[in-house]
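Take a look at the structure below.
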Amino acid sequence: MNDDLDPNLDLTEQVLQLLQAAPDGIAEYTLIQQLKDRHSGHVPNLPLADKLVLFRTHFLLFNALYRLRERLWQEQTHLLEISPLCIRLLPYQPGNAALSERDELRDYYLDMSQLRDTDERDVERLLTSFWTRMQGGEEKQAALELFELANERTLDLPRIKLRYRQMVSAHHPDRGGSTERLQSINLAMEILERYYR
């Protein structure tokens, strides 16, 4: 039996076919491997060790995913969760506000000039920036968890400052709190001020 993807289908249709066969979701890397193994003509069948090949393959896949997400939303059939670690189809839920918010990643991946104009030096800068943000992201996440704001959908500096004052008031040594806890709260506020302005 030939398990190849239909070459007449565009990448979004091929991806949809693979996602429908993975109801629990699928990681980006696994999805790329399945596209290659099943001979999709839409992604380069080259080793991902080369950074430029990796970027272009990733970009093409995410371009297809964002186009597919919009199509499924308009058809009111599914929501498409897009993350490098888990890409999956979810049941459609009317009124989901997630698509009404500005999505900078969506804008980036739907702009084909980003693919066309990105060279190897650009990819190197993107990777360096990514790893720098990831390291800082752990710091930011820890600060948000300390403030019990990690699950808040929308955050801004005034909301964080309000929570900071509440935390200082509750944990101040003059009110029975500890100096170490107050120092952690102050450090968390310094971290969050770098991310929210």
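Numbers for the structure displayed
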| quantity | calculated |
| --- | --- |
| Segments classed as helices (runs of 4 or more DSSP H), wholly inside region 103-197, with at least 3 members that are modelled with pLDDT under 90 and open to solvent by less than 100 Å² (accessible area, probe 1.4 Å) | 120-146, 179-195 |
| Criterion: more than 20 Å from L115 (Cβ to Cβ), within 16 Å of the chain's Cα centre (by Cα) and of a type outside the set (A, V, I, L, M) - qualifying residue of E28, E81 | E81 |
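The values are calculated or read from the model by the stated rules, or taken from the named source; none is laboratory data. Being a predicted model, the structure only gives us computed values, none of them experimental. Cβ coordinates were reconstructed from backbone atoms using ideal geometry, including for glycine residues, and neighbour counts include every protein chain displayed. The protein model used for the area step is the full one, side chains on, heavy atoms only, and it has no ligands, DNA or RNA in it. Shrake-Rupley method; radii C 1.70, N 1.55, O 1.52, S 1.80 Å.
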